[in-house]
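What follows is a set of notes on a single structure, which appears directly below.
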Amino acid sequence: MGREGCVGVHDRTVRSGGGSSAALMGTYARLPVAFVRGEGTRLWDDTGRVYLDFLSGIGVNNLGHCPPAVVAAIREQAGLLIHTSNLYRIPLQEKLAQRLVEGCFADRVFFCNSGAEANEAAIKLVRRYTQERDKGRERLQSGRFEVITAINSFHGRTLATLAATGQEKVQRGYDPLMPGFRHVPYNQPEAVERAITPATAAIMVEPIQGEAGIMIPDDGYLPALRAMADRHGLLLVLDEVQTGLGRTGRMWCHQWSGITPDIMTTAKSLASGLPMGACLATEEVARSFSPGSHGSTFGGTPLVSAAALATLEVLLDQGVLAGVEAKGAYLLDRLRALQQRHEMVKAVRGRGLMLAVELNSPAEEILGVCLSRGLLLSCQMGTVLRLLPPLTVTQEEMDQAVAILDGVLTDSY
Ligand SMILES: Cc1ncc(COP(=O)(O)O)c(C=O)c1O
């Protein structure tokens, strides 16, 4: 992939903290590359270099770049009707909601524009449902509103979702944080049990922690949380923004565990790169959202809904989802072989095509060298290389990516 010899450019730009335009707010330490075209797993930059994209726009381009069926649906819909607002019926949105609830626990969907907004909707729904349910129950009049979430979780960057997020670096500088969240260690059901108080309304976790470096809990974790939620009259909210839509080899990651949540959120790859989030819930819980209780100008526009419907058709009806488990097993195997050869690799883990290579040393430098050799990954928590290739990735592309990583690790001693 690509040309050799860009090592170091990456570091310079990252450390300077600069963007390419002084007119942008400095919220990102952007890498010194600008892409102009994409097709499948490949991206081309503005100098014509080609890269293997094993990050998929952070788990968004799950069907690869510019999947033809989605491009065609967007083109067609853009020529018919882009936006009307949610003051009117949107048949494509209704069709999409139907498609999403088929084959999962949910009965109803609320559409928005991002993962954070989907989680905002979930948190608001928890409060509204709990307050309505407990109305008249004198003992609980003080109000249950707290949500127990996990340390190192990531739920978004709005004021509520950053308070839900269990990472100090995301919260720094935004005091006072919104009240109503308690953070406990991940993958420890007993820590959740200990944190429950008369004010607790819900437990909210990611089925696999993505931003924390692909932390996969024990098989018994989600069932234990489900049982606990039932015992204490709490809602179980699963943030499937990163794990959902086939990423782990099942449509929804929690389907590996045999339990169902009361509320689930999704976003990322839902519309193949057009912004869309969704909050799904059971009928009993969803009923608490009545007209005027929540809303979004852009949520579920005809254009984005058309893109999402085309995305689901390719994912579910054209066999993409069916291939994820085997592809993931293959890539995990190849990465484990890398671990055997490189002492620098501390651990390799993954489920489906959500994988991590944890190093004994900082991963940021390795990431920069991978970029210079034409491979896109991300660095989590300082030492973890995260791989989120498109679900359409081929065996040849996986071999190429592993070969690049192998070479980078070899040259890094
Ligand atoms: C698990 C999880 N929840 C929520 C979010 C926030 O999504 P967005 O950036 O679309 O607001 C992310 C983003 O990475 C995520 O991984």
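Data overview
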read-out: Tally of residues being within 16 Å of the ligand (Cβ to nearest atom) and exposed (fewer than 14 other Cβ atoms within 10 Å of the Cβ) across the stretch 160-191; value: 2
read-out: Residues that are within 16 Å of the ligand (Cβ to nearest atom) and out of contact with any Pro (no Cβ under 7 Å at 6 or more places or on another chain), drawn from the stretch 237-249; value: ASP239, VAL241, GLN242, GLY244, LEU245, GLY246, ARG247, THR248
read-out: Residue in the stretch 61-79 that is farthest from the chain's Cα centre (by Cα), counting only those that are surrounded by fewer than 19 Cβ atoms within 10 Å (Cβ to Cβ) and part of a loop (DSSP other than H, G, I, E, B); value: GLY79
read-out: Strands (runs of 3 or more DSSP E) contained in the stretch 352-413 and holding at least 2 residues closer than 26 Å to THR248 by Cβ and of a type outside the set (A, V, I, L, M, F, W, C); value: 378-380
read-out: Residue satisfying all of: in the stretch 101-120; within 17 Å of the chain's Cα centre (by Cα) and within 14 Å of GLY300 (Cα to Cα); surrounded by the fewest Cβ atoms within 10 Å (Cβ to Cβ) among these; value: SER114
read-out: Residue in the stretch 192-199 that is farther than 20 Å from TRP252 by Cα, within 15 Å of the ligand (Cβ to nearest atom) and of a type in the set (Ser, Thr, Tyr) present; value: no
read-out: Hits in the stretch 80-118 (condition: among the aromatic types (Phe, Trp, Tyr) and either at pLDDT below 95 or not in a strand (DSSP E or B) (or both)); value: TYR88, PHE105
read-out: Check on ARG127, assigned by TED's automatic domain parsing to the domain that holds GLY210, under 25 Å from HIS155 (Cα atoms) and either surrounded by fewer than 18 Cβ atoms within 10 Å (Cβ to Cβ) or away from the ligand (no atom under 16 Å from the Cβ) (or both); value: yes
read-out: Any hit, the stretch 388-406, residues being aliphatic (A, V, I, L, M), crowded, with 19+ Cβ neighbours inside 10 Å and within 20 Å of GLN167 (Cβ to Cβ); value: yes
read-out: Residue count for the stretch 350-374, restricted to those that are among the charged types (D, E, K, R) and within 18 Å of ALA403 (Cα to Cα); value: 3
read-out: Test: residue in the stretch 225-236 that is modelled with pLDDT of 95 or more, over 19 Å from LYS327 (Cβ atoms) and within 11 Å of the ligand (Cβ to nearest atom); value: no
read-out: Some residue of the stretch 291-305 being β-branched (Val, Ile, Thr), on the phi < 0 side of the Ramachandran plot, within 16 Å of the ligand (Cβ to nearest atom) and not assigned by TED's automatic domain parsing to the domain that holds THR394; value: yes
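The values are calculated or read from the model by the stated rules, or taken from the named source; none is laboratory data. What you are looking at is a predicted structure, and each value in this text was computed from that prediction instead of being measured. Here Cβ is always computed from backbone atoms with ideal geometry, including for glycine, and neighbour counts include all displayed protein chains.
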